Amino acid sequence: MDFIENIVKNVWVQRLFWSAIVVAFSLLLYHIIARVLNGREKKNSKIMSNKKNKTLIRMLKSIVASALSIITVLMVLEIYGINVTSMLAGVGIASIVIGFALQDSLKDIIRGFVIVSDNYYEIGDVIKYNDNIGPVTSISLLTTKIQDINTMNIVSIANRNIDKVEIDPGYVYIPIPLPHEIKVA
């Protein structure tokens, strides 16, 4: 009996127990949130386009997973007696420095999210960017790619340049496959 009491009184065992509880609770919370988001995805698939819905759900899951991971690590460190307040101050300063360094990438991600969520344009829409005009071939959070109809080159546009993109609703792009032997004037 004394052996069990010594184990229960042992600080490391208590810390390990509470750490396991925190990690288990975080995992449970993530699975509940993921299940709710997956249910929303299935429910709203008729309302929103499928690609848009999947992109938004994946982004939300990623944000939730990252936030829960950070909170869980900080709570476990606090359980083990590590002062996380000074760490948070250091992380805040590092975040500011990283934010300035990655400013353009963050603009691309935010604008990419706006393009996807607001249906600014979709794959297949014909857009004009500078001297390039063509259909959108892919949209990601960082770039939009179009195939220039004049040169048939793939042009990558940073999403932060969305204000320079013109959507041409009257333009219809119909690719006509021709053999290589035929010369096109």
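The values are calculated or read from the model by the stated rules, or taken from the named source; none is laboratory data. Quick caveat: nothing in here was measured; it's all calculated off a predicted structure. Glycine also receives a Cβ, built like all others from the backbone with ideal geometry; neighbour counts cover every protein chain displayed. Side chains are part of the model used for accessible areas, which takes the heavy atoms of the whole protein and leaves out ligands, DNA and RNA. Shrake-Rupley method; radii C 1.70, N 1.55, O 1.52, S 1.80 Å.
A few remarks follow.
- Within region 164-181, considering residues that are open to solvent by less than 100 Å² (accessible area, probe 1.4 Å), at pLDDT below 75 and not acidic (Asp, Glu), the one farthest from Ile123 (Cα to Cα): Leu178
- Taking (1) at pLDDT 85 or above; (2) surrounded by fewer than 12 Cβ atoms within 10 Å (Cβ to Cβ) in turn, Gly92 satisfies each apart from (1).
- Of all residues in region 144-151, at least one satisfies being outside any helix (DSSP H, G or I), loosely packed, with under 14 Cβ neighbours inside 10 Å, over 18 Å from the mean Cα position of the chain (by Cα) and not aliphatic (A, V, I, L, M).
- Inter-residue pairs, beta-carbon under 7 Å, first more than 17 Å from Gly81 (Cα to Cα) and in region 4-20, second modelled with pLDDT under 85 and part of a helix (DSSP H, G or I), 6+ apart: Ile7/Val13
- Scanning region 21-38 finds one or more residues that are surrounded by 10 or more Cβ atoms within 10 Å (Cβ to Cβ), out of contact with any strand residue (DSSP E or B) (no Cβ under 6 Å at 6 or more places or on another chain), under 16 Å from Ser62 (Cβ atoms) and at pLDDT below 85.
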